[in-house]
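Visitor: Below are the structure tokens for one structure; questions will follow.
Please treat every number below as a calculation from the coordinates, not as lab data. Source: prediction; values computed, not measured. Positions of Cβ are generated from backbone atoms using ideal geometry, with glycine treated the same way; all protein chains shown enter the neighbour counts.
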Amino acid sequence: MVEDIKKDANTRMRKSVEALRHELTKLRTGRAHANLLDHVTVPYYGTETPLNQVASVSVADPRTLMVQTWEKKLIPEVEKAIMNADLGLNPITAGDAIRVPLPPLTEERRKEMTRIVRHEAENARVAIRNIRRDANQHLKALIKDEHLAKDAEHRAESEIQKLTDKFIQEVDEVLKQKEQDLMEI
């Protein structure tokens with residue numbers, strides 16, 4: 001039972017870190033990367049479809065993305081979807097492809113994005129601490145039901161704390177890396 005609680009906590013904490021990484025890929029750092037447009041959706045035969053399912057996104061150069069739609073009639077829809085994605089990007093149609101130049105970030109925008117990144121990291125830390133709290137409550141419930149000895153509970157709590165520390169350190173590393181990317185000119 002204790003192993004199940006630890007396994008569950010480990011899985012949920014890992015998912016929190018992955019959710020943070022996924023959330024941070026949406027933030028533009030000034031360098032082009034294909035994941036930047038992952039959350040953009042395009043109306044395709046009446047259904048909102050992710051861009052990567054109707055086109056291929058590649059990096060043309062460090063400041064430009066290239067979007068190749070699989071159907072030529074989708075070009076205006078994709079262009080409109082990118083503009084409406086609130087990324088501050090202005091796509092340019094070049095024949096049957098769409099070029100998406102990434103403007104350089106201003107110092108003010110970099111600082112604002114750093115604040116956003118720190119806020120997201122803090123949300124991930126809070127989620128990890130909540131998972132620790134839930135796991136500890138499950139352990140206390142086992143003691144109450146007399147399925148677990150007091151010393152086993154202390155041992156399990158310390159192992160869960162080690163897990164928590166490990167994942168919070170991982171969040172800090174992700175934060176540090178993203179801040180470094182943001183401040184790089």
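Visitor: Straight-line reach from residue 176: which lysines have a Cα under 29 Å away, not including same-chain ones fewer than 8 places off?
Guide: Within the straight-line limit of under 29 Å, residue 176 reaches these lysines: 6, 7, 15, 26, 111, 162, 166.
Visitor: A further question on this structure: Sum up the charges of everything whose Cβ sits under 14 Å from the Cβ of residue 72, counting Lys and Arg as +1 and Asp and Glu as -1, but leave residue 72 out.
Guide: Result for the local shell: -3.
Visitor: Given a Förster distance of 22 Å, report the FRET efficiency between residue 73 and residue 39 from their Cβ-Cβ distance, rounded to the nearest 0.05.
Guide: Efficiency at R0 = 22 Å is approximately 0.45.
Visitor: If you don't mind, there's one more thing I want to ask. Please list, or write none, the aspartates and glutamates whose alpha carbon is within less than 16 Å of the alpha carbon of residue 72, excluding same-chain residues fewer than 8 places away.
Guide: By straight Cα distance, residue 72 reaches 96.
Visitor: May I pose another question? Using Cα-Cα distances under 8 Å and only pairs 6 or more residues apart, what relative contact order does the chain have, in percent?
Guide: 25 percent.
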